[in-house]
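The values are calculated or read from the model by the stated rules, or taken from the named source; none is laboratory data. Keep in mind the model is a prediction, meaning the values are calculated, not measured. Cβ placement follows ideal geometry from the backbone for every residue including glycine, while neighbour counts extend to all protein chains displayed. Ligands, DNA and RNA are stripped out before the accessible areas are found, and what is left, the full protein with its side chains, is counted by its heavy atoms. Shrake-Rupley method; radii C 1.70, N 1.55, O 1.52, S 1.80 Å.
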Amino acid sequence: LMMVIEEFMLLGNRSVADHIAKVFPAFAVLRRHPPPKADALKKLEAVLGQQGFKDFKFGSNLELAQSLEKATKPDDPYFNVLVRTLVCRCMNQAVYFPTGECDPLDFPHYGLAIDRYTHFTSPIRRYADVLVHRLLAASLGLWAVPPMFTDKERIKEQCGTINLKKRNADWSGRASVELHTYLFFEKNGSQEVDSVVIRCRKNGIQVSVPRFGIEGVAQITQEDWNFDDDEEVLTSKDGKVTIKPFDHVWVRIEATKKDFRLKTEITYLEMTPPEKWRPAHEDAKIRQKVEAEMFPDRLDDAMAG
């Protein structure tokens, strides 16, 4: 049922976008999603090649979707989730814009594979939808076009403000997660746990910790490692250890107050021994309990809308 409702919402947004763009070609408020960053996808292509996936194509959104369907390991749910997370991070941010300020070739929404798209269905929680409702009402002759829409600079500025507020909200959300994560580990003490490598850096290892539902950069002693930027691989100076994306590494997580800053610190300890691996469903159960404690005031998706 929810999928049917979602499809109708997408169709509603798409239909309204087509209509207001046709009636008001100079100042209709639409939402566009540029194609993903090609350089980032090329790096991901190389990383997946190391995992045996040699046919990762991304020339179009259809090709990318088909490549994602193939890039799965039935026995490794961590890999399957992480690949999709990495693809999402190759994406550019979707933005609101007035049609008069953009070439029609740049109108499409890449993620939804739609030529014209806007937000119409949720005016109680998004100001962009309110603007679209006013345009739709004016296009149907229910009232006059609001003055702000006839001012090219004003509507452009308004779209810019909405985009800025959305970015600020995202940053605020991340800061809140960082604070609650710190408070959790301050209360529960240091933890040693398995993590999955997202990417390697010269000065650390970006990891995902499925058990706690968090990410961070695991610290390493930089003098002890060689870094291959092209392959995105860390190799210990003695040649005994090699770390690459999707590997499992054992880390320590602890709350610190270094330099008068509240911070959750992750430190690399070793490659995760096979006997310490835990089934994904076990981590999922623990993560639910952790998140309930870590974010006691979080709204569920239904309440958040």
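Considering 13, 80, which residue is part of a helix (DSSP H, G or I), modelled with pLDDT under 95 and touching a Ser or Thr at 6+ places or on another chain (Cβ under 7 Å)? So that I can check it myself, show each step before the final result.
Numbers: 13 fails: modelled with pLDDT under 95.
It is 80.
Which residue is modelled with the lowest pLDDT, if the candidates are limited to region 228-241 and must be surrounded by fewer than 17 Cβ atoms within 10 Å (Cβ to Cβ) and part of a strand (DSSP E or B)? Out of the qualifying residues, it is 228.
I'd like the residue in region 111-136 that is part of a loop (DSSP other than H, G, I, E, B) and charged (D, E, K, R) and, out of all such residues, is surrounded by the fewest Cβ atoms within 10 Å (Cβ to Cβ). Can you show your working first?
Going through region 111-136, the residues part of a loop (DSSP other than H, G, I, E, B) turn out to be 111-113, 115-126.
Next, only the ones that are charged (D, E, K, R) stay: 115-116, 125-126.
On the way: 115: 13, 116: 23, 125: 10, 126: 17.
Only one residue fits best here, namely 125.
Scanning region 20-51 for residues that are touching a Phe, Trp or Tyr at 6+ places or on another chain (Cβ under 7 Å) and charged (D, E, K, R), we see that the one that is least open to solvent (accessible area, probe 1.4 Å) is 31.
In region 81-110, what count of residues is obtained for those that are exposed (fewer than 15 other Cβ atoms within 10 Å of the Cβ), polar (S, T, N, Q) and in contact with a Pro (Cβ under 9 Å, 6 or more places away or on another chain)? Result for region 81-110: 2.
Test residue 171 against the stated conditions and say whether it is surrounded by fewer than 19 Cβ atoms within 10 Å (Cβ to Cβ), aromatic (Phe, Trp, Tyr) and under 21 Å from the mean Cα position of the chain (by Cα). Against the criterion (surrounded by fewer than 19 Cβ atoms within 10 Å (Cβ to Cβ), aromatic (Phe, Trp, Tyr) and under 21 Å from the mean Cα position of the chain (by Cα)), residue 171 qualifies. Per the listing 186, 223, the residue uniquely assigned to a helix (DSSP H, G or I) and either of a type in the set (S, T, N, Q) or modelled with pLDDT of 95 or more (or both) is 186.
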